[in-house]
Amino acid sequence: MGLRINLFVAAALAGAAVLVAPTPIAAAEPAGQITILYDAFGTDAAMKKDWGFSALVEISGKRILFDTGNDSNIFAANIKAKNIDFTSIDFVVLSHRHSDHMAGLNHVLSVNPTVKIYAPKEGFGIFGSSLPSSFYRKDESLPPEMRYYGGKPPEVMKFGTAWQGANIELIDKTTEIAPGITLLALVSDAPGTRELKELSLAVNTSDGVVLVVGCSHPGIEKIVEAATAINPKIRLIAGGFHLVAAPDEVIARAVATLKDTFKVESIAPGHCTGEPTFAALKQAYGDRYLYAGVGTTLALGPGMGSVGRRGEGPALQEDDLASYRKLAHREDPFGILKARSLRSGLSHL
Ligand SMILES: [Zn+2]
Ligand SMILES: [Zn+2]
């Protein structure tokens, strides 16, 4: 009887252990760093500035090249300035098919032709793709010479890539590619980039998720929401938030969502985040805004927000926070929509 109870207790404890087990965390070491290799702003005189994005993410024992910039020559020069050895990187992530994120791939391949490259899977995409041959309608009444593949198609039709021979692995849906290291695969529905698939890098550490984004075409809020499924604690977001042309009310809403809804701890925006969004994030995050110009290395150790180079903005005052929240909850916080409707009303007079 006693044994049975003990067994029961042991089983219950085991069940409890399973229930409270954390989501996989990438290898134990919490420290690491992110070095910005490509962007259009920065203070490092040795680095060239150009539109585009690339970062070397060294975390959990892995060296990950995230995106490869806009111009192969500038990318190569910046890599040289930082003395980065591509022969020892573990893998490359190409966030999406825009040239300002992948033009430096040729340089990477010239140094390390067999490196593993993760890229989004898109129909007839530049990274290559495939489809089952059942996708096209058949007409058996036609003579073989008028039929695709003489009427005997392969089961899977493969479509080429611009980097033939490269070791590209296509990612179709969110995938954990190594323990604690996940590629979030989301699709944009914004005009101009509808159906564009983008990968973001989410690394689950003992201090929360470190999230690296390329352009955030699917929406920074949606990407962060997907990352919280891995671990609700988001430690840092670095990269482009794609608010470069967004109106103030959209920026205010995004800032409030990151800070208040998802409680993102620190922020290191770059690339297509946009100048007004830099300002708004700096105001909202104070010393938790980590400056991330080209050439900067962000330290990811414990207490990350207080090490490395910080944003110079003063800590946010309570009334600033209150006004941000108010703005974020209003439909037309700056009266822009109202002014527009007034203007268009007047033009009809
Ligand atoms: Zn971009
Ligand atoms: Zn883009």
In Å², rounded to a whole number, the accessible area per residue of region 56-189 with probe 1.4 Å is 51
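Mind ordering 196-203, 180-187 by average Cβ neighbours within 10 Å, highest first? Numbers along the way, then the final one.
Details: 196-203: 26.0, 180-187: 21.6.
Sorting 196-203, 180-187 by mean packing, highest first, produces 196-203, 180-187.
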Please report how far the C-alpha centroid of region 202-223 lies from that of region 123-180, rounded to the nearest whole angstrom. 30
Among K222/K263; K173/K222; K173/K197; K62/K197, which pairs are too far apart, with a Cα-Cα distance over 20 Å? K62/K197
What lysines could a cross-link reach from K138, if we take a straight Cα to Cα line under 26 Å and drop same-chain neighbours fewer than 8 places away? K121, K152, K158
Around I64: net Lys/Arg minus Asp/Glu count, Cβ-Cβ under 11 Å: 0
Measure off 7 Å from each Cα along the Cα-to-Cβ vector at D85 and K116, then give the distance between these two points in nanometres to one decimal. 2.0
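The values are calculated or read from the model by the stated rules, or taken from the named source; none is laboratory data. Predicted, not measured: the structure shown is a model, and the values here were computed from it. Please note: Cβ atoms are built from the backbone with ideal geometry, for glycine as well, and neighbour counts cover all protein chains shown. Surface areas here come from the heavy atoms of the whole protein model, side chains and all, with no ligands, DNA or RNA. Shrake-Rupley method; radii C 1.70, N 1.55, O 1.52, S 1.80 Å.
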